[in-house]
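Below: the structure, in structure tokens.
We did not get these values from a lab; they are worked out from the coordinates using the rules stated. These numbers were taken from a predicted model, which means no experiment stands behind them. When we count neighbours, we look across all protein chains shown, and the Cβ atoms used for this are built from the backbone with ideal geometry, even at glycine.
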Amino acid sequence: MRSKSILFVDLDRTLFDTSRFVEAIRNELKLQFQVVMTTNEARNYYRYYEDLYDYDFFKHCQDRGVTSQQIYDCIFPELLIKYGSFLYEDVRSLLGTEFEIMTFGSEPYQSLKLKMAPELQDRAVTIVHERKGAYINREFKNVSVTLIDDKPAAMTGYSAGTFIHLDRAQKVPIINDESGIHIRSLNHTKEVLS
Ligand SMILES: [Mg+2]
């Protein structure tokens, strides 16, 4: 049985600096395999779910001659040595607290990213292929759920729980009005939840 309340935190661009990771992995592919992968080319490997999409990174690599085995044997250890982790600094403020990860996307790619965040190794992870709001609606009928996500659309269709919008570009630290709760940094999570 799950507890009566759960805090879910999104992975991409909420906990995990996806842009930094993509840049780093592309650099490493170029360095080790002389393969240049662009965003334009990556779009051919997007799979759409309404307006959501995930990226079949490993298929993209394979078509460019780099196997998933090579990613794990050559690229992954090198990135760990060079970067250590791709989590944002403010994730530290959450590490001592209870939360689970809820992420949208393709399993192998999301798992690779999670491995690039060693601090999250023991966290429960739910990978969904639909809007998180719709998933939570169906799976957590009697549970009080809070979701922190950088995309407000993640919670479309879900009204019973609490949604915290993380907007790192926001000018003020916290906005809490009729439009909802918006925080500029994960450092403010405890404050808005108390
Ligand atoms: Mg996100």
Cβ-based exposure ranking for Thr146, Thr18, Thr103, in which fewest neighbours within 10 Å come first: Thr18, Thr146, Thr103
Rg and Dmax [Cα atoms of segment 1-102; Å; Rg one decimal, Dmax integer]: 16.3, 51
Which listed pairs, of Lys59/Lys115; Lys59/Lys151; Lys82/Lys132; Lys59/Lys171; Lys115/Lys171, have C-alpha distances above 30 Å, in listed order: Lys82/Lys132; Lys59/Lys171; Lys115/Lys171
Over segment 73-171: Rg over Rh, Cα atoms, Kirkwood Rh: 0.99
Top of Leu11, Leu31, Leu79 by mean-square fluctuation, Gaussian network on the chain, Cα under 10 Å: Leu31
Extension gain (nm, one decimal) between Asn142 and Arg64, 0.36 nm per residue minus Cα-Cα: 23.4 nm
The chain - percent relative contact order, Cα under 8 Å, separation 6 or more: 24
Distribution of pairwise C-alpha distances over the chain, 10 Å bins, in %: 8, 34, 34, 18, 5, 0
Cleavage-rule hits, chymotrypsin sites (Phe, Trp or Tyr not before Pro), segment 99-170, DSSP coil, Cβ neighbours within 10 Å at most 11: none
